[in-house]
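Structure, as structure tokens:
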Amino acid sequence: MSSKSLFETEDDVAQANKFANKAKDSPFMLIGIAGFVAAGLIGAYKYKNRGTMSTSVFLMQLRVAAQGTVVGCLTVGLGYQMAKEYLFDKAPKENLKSLTN
């Protein structure tokens, strides 16, 4: 018998590898997804105590909060990647050398 699970397929392993690669490439995306889920869970908890606010208005505000969390995390991630590439990396770029010659 192999050490693999009976229920695990090669597609599952491939998807896990894709997810791990995406996590390495853009970690702020995962933070954005976690923020989206957290906003949804907090909204579900606060739904009971919404007072006289209608359900549609509450859900619209919840959607804006969840999307704002994701967009904010992606913006911070993009800013970090740009700063890392252009400000913190002091090594000369290969592309810049080829343009000047």
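Nothing in this text is a laboratory measurement; each read-out follows from the coordinates by a stated rule. The structure presented is a predicted model; accordingly, all values stated were derived computationally and were not measured. Glycine also receives a Cβ, built like all others from the backbone with ideal geometry; neighbour counts cover every protein chain displayed.
Out of A14, A39, one residue alone is surrounded by 13 or more Cβ atoms within 10 Å (Cβ to Cβ), small (G, A, S), assigned to a helix (DSSP H, G or I) and more than 12 Å from the chain's Cα centre (by Cα). It is A39.
Return yes or no: is L62 part of a helix (DSSP H, G or I), surrounded by 12 or more Cβ atoms within 10 Å (Cβ to Cβ) and touching a residue at least 40 places away in the same chain (Cβ under 8 Å)?
Values: part of a helix (DSSP H, G or I): yes; surrounded by 12 or more Cβ atoms within 10 Å (Cβ to Cβ): yes; touching a residue at least 40 places away in the same chain (Cβ under 8 Å): no.
Here the answer is no, as L62 does not meet what is asked.
Residues that are more than 10 Å from A39 (Cα to Cα) and either in contact with a His (Cβ under 7 Å, 6 or more places away or on another chain) or of a type in the set (S, T, Y) (or both) within segment 60-78 comprise just one, T75.
Counting just the residues of segment 68-85 that are in contact with a helix residue (DSSP H, G or I) (Cβ under 9 Å, 6 or more places away or on another chain) and surrounded by fewer than 13 Cβ atoms within 10 Å (Cβ to Cβ), which one comes out nearest to A23 (Cα to Cα)? Steps first, answer last, please.
Taking segment 68-85 first, the residues in contact with a helix residue (DSSP H, G or I) (Cβ under 9 Å, 6 or more places away or on another chain) are 68-78, 80-81.
From the residues that got through so far, the ones that are surrounded by fewer than 13 Cβ atoms within 10 Å (Cβ to Cβ) too are 71, 75, 78.
Values: V71: 17, T75: 16, L78: 14 Å.
If we take residues in segment 68-85 being in contact with a helix residue (DSSP H, G or I) (Cβ under 9 Å, 6 or more places away or on another chain) and surrounded by fewer than 13 Cβ atoms within 10 Å (Cβ to Cβ), then L78 is nearest to A23 (Cα to Cα).
Quick check on segment 51-60. Is at least one of its residues over 21 Å from the mean Cα position of the chain (by Cα) and closer than 25 Å to V76 by Cβ? Checking segment 51-60: at least one residue is over 21 Å from the mean Cα position of the chain (by Cα) and closer than 25 Å to V76 by Cβ.
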